[in-house]
Amino acid sequence: MSYSKHALTYLSDKVSASFQALTEDYDEFSSFLSGITEHNKIYVFGGWVRDIIHSEFHNRVIFNDLDLIVDGELDSLKPKKQSEFGGYQLKFPPKLKVDIWELDDSYVFRKEIFDPSINNLLRSTVFDVNSILYDISKEKLLDFRAISAIKAKTISFNCTAYVKDFPELQ
């Protein structure tokens, strides 16, 4: 199911307002973002975006963390400890957890399952409900079947190419 431009704009506006509220609540996070958006494109990916959209169609969902993708390099802002998926975990008081990674360092691209790109990142999620991201600079959603799955309350495999590496994801 595809959505009209009006429906996507409405959902983009909802996600944008939620993201704006989040940055207003966390000054340190907002400052961190300013430092990386100066030279890079930043996207919010997966769970947080999914939960905001889910809350629009169904019951309110409280998110656990925020996943950011940097289409570029973190350089001096790069934390020291890297996760198995290629990301870094940051914490902003009082309770915001952020996982951030460079697009090219994402697990699926390091394994050469897909060529690195934002569109391929959407294709790489294990489940369709996570195949959505929010472009911070354009204040716009990019969707690869997530919205229709969220609205229908269904969940399907989107990419199984690396599930053998992480069987707990099944």
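The values are calculated or read from the model by the stated rules, or taken from the named source; none is laboratory data. Model, not experiment: these values are computed from the prediction. With ideal geometry, Cβ positions are generated from the backbone for all residues, glycine too; neighbour counts draw on all protein chains shown. For accessibility, only protein heavy atoms count, side chains too; no ligands or nucleic acids. Shrake-Rupley method; radii C 1.70, N 1.55, O 1.52, S 1.80 Å.
Descriptive notes on the structure:
- Strands (runs of 3 or more DSSP E) contained in the range 34-94 and holding at least 1 residues under 13 Å from the mean Cα position of the chain (by Cα) and at pLDDT 85 or above: 41-45, 66-71
- Restricting attention to the range 103-134 and to residues that are touching an Asp or Glu at 6+ places or on another chain (Cβ under 6 Å) and closer than 20 Å to Asp75 by Cα, the residue that is surrounded by the most Cβ atoms within 10 Å (Cβ to Cβ) turns out to be Leu103.
- Yes/no for Glu28 being surrounded by fewer than 16 Cβ atoms within 10 Å (Cβ to Cβ), in contact with a Phe, Trp or Tyr (Cβ under 7 Å, 6 or more places away or on another chain) and either closer than 23 Å to Thr125 by Cβ or not hydrophobic (A, V, I, L, M, F, W, C) (or both): yes
- Selection count, the range 130-152, where residues are aromatic (Phe, Trp, Tyr) and either without any contact (Cβ under 8 Å) to a residue 24 or more places away in the chain or under 19 Å from Phe19 (Cβ atoms) (or both): 1
- Residue in the range 45-53 that is acidic (Asp, Glu), at negative phi and open to solvent by 50 Å² or more (accessible area, probe 1.4 Å) present: no
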